[in-house]
Amino acid sequence: MEKEELDLIIMELDDKLGKTLSVLKEEYQGIRAGRANPHVLDKVTVNYYGVDTPINQMSNVSVQEGKCLVITPWDASQLKSVERAVLASDVGITPTNDGKVIRLVFPELTEERRIELTKKTKKMGEDAKVASRNVRREILEQFKKLKTDKEISEDEYSVYEKEVEKKVTDAIAKIDEEVAAKEKDLMTV
């Protein structure tokens, strides 16, 4: 077996672990921590002339005074559509429409809600860890098959197994850092 082919398997591992972490970070951006964050609208789409379009691709979204998001559609005729899309989403904030812009006022989070969001954050982190472990299992199975087929030696298998374990351990440590940072963000009043 060529070293380049083995390195491709390791690159696949790095790629999948990186994607797992970036998905977790994206999910965390959607969790609101009592401050206005335009990313809570990332998954909200509006039927814009027959096409489902993300709000941030059809309007300006800005933060006002740290607690309020202001959505200004580029096409004023879409104001009602944007308002309906926000209402239908799981953002959990009722929009106010003044005829020119839509405002989303973020209320202070209660202690109970902060704890609930922290639990959700931990669950997302655990899911990311499980995904990382599944990637490890997949990659190690590829190396075991190569060893069984006598394409790599026992020693080579051992070296790659250690490398895979180290990379997965490092990825899980990064996930733990993200979880801790998001928990701190949520619990900060």
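The values are calculated or read from the model by the stated rules, or taken from the named source; none is laboratory data. Model, not experiment: these values are computed from the prediction. FYI the Cβ positions are ideal-geometry reconstructions off the backbone, even for glycines, and counts take in every protein chain you see. Remember, those area values only see protein heavy atoms, side chains included, never the ligands or the DNA or RNA. Shrake-Rupley method; radii C 1.70, N 1.55, O 1.52, S 1.80 Å.
The condition (being under 16 Å from Leu13 (Cβ atoms), open to solvent by less than 80 Å² (accessible area, probe 1.4 Å) and under 26 Å from the mean Cα position of the chain (by Cα)) is satisfied by just one residue among Val179, Val135: Val135.
Among the residues of the stretch 55-88, those identified as within 22 Å of the chain's Cα centre (by Cα), open to solvent by 30 Å² or more (accessible area, probe 1.4 Å) and farther than 23 Å from Leu109 by Cα are Asn56, Gln57. Filtered by the rule that a residue be of a type in the set (Val, Ile, Thr), open to solvent by 70 Å² or more (accessible area, probe 1.4 Å) and either touching a helix residue (DSSP H, G or I) at 6+ places or on another chain (Cβ under 9 Å) or under 30 Å from Leu24 (Cα atoms) (or both), the stretch 146-176 gives Val159, Thr169. Restricted to the stretch 32-49, and to residues that are within 15 Å of Lys80 (Cα to Cα) and more than 17 Å from the chain's Cα centre (by Cα), which residue is surrounded by the most Cβ atoms within 10 Å (Cβ to Cβ)? Ranking the qualifying residues of the stretch 32-49, first place goes to Val46. Of the residues that make up the stretch 124-139, is at least one touching a strand residue (DSSP E or B) at 6+ places or on another chain (Cβ under 9 Å) and basic (Lys, Arg)? Looking through the stretch 124-139, none of the residues is touching a strand residue (DSSP E or B) at 6+ places or on another chain (Cβ under 9 Å) and basic (Lys, Arg). Could you tell me which residue of the stretch 105-118 is modelled with the highest pLDDT, considering only residues that are in contact with a helix residue (DSSP H, G or I) (Cβ under 8 Å, 6 or more places away or on another chain) and of a type outside the set (A, V, I, L, M, F, W, C)? Of everything passing the filter in the stretch 105-118, Thr118 is modelled with the highest pLDDT.
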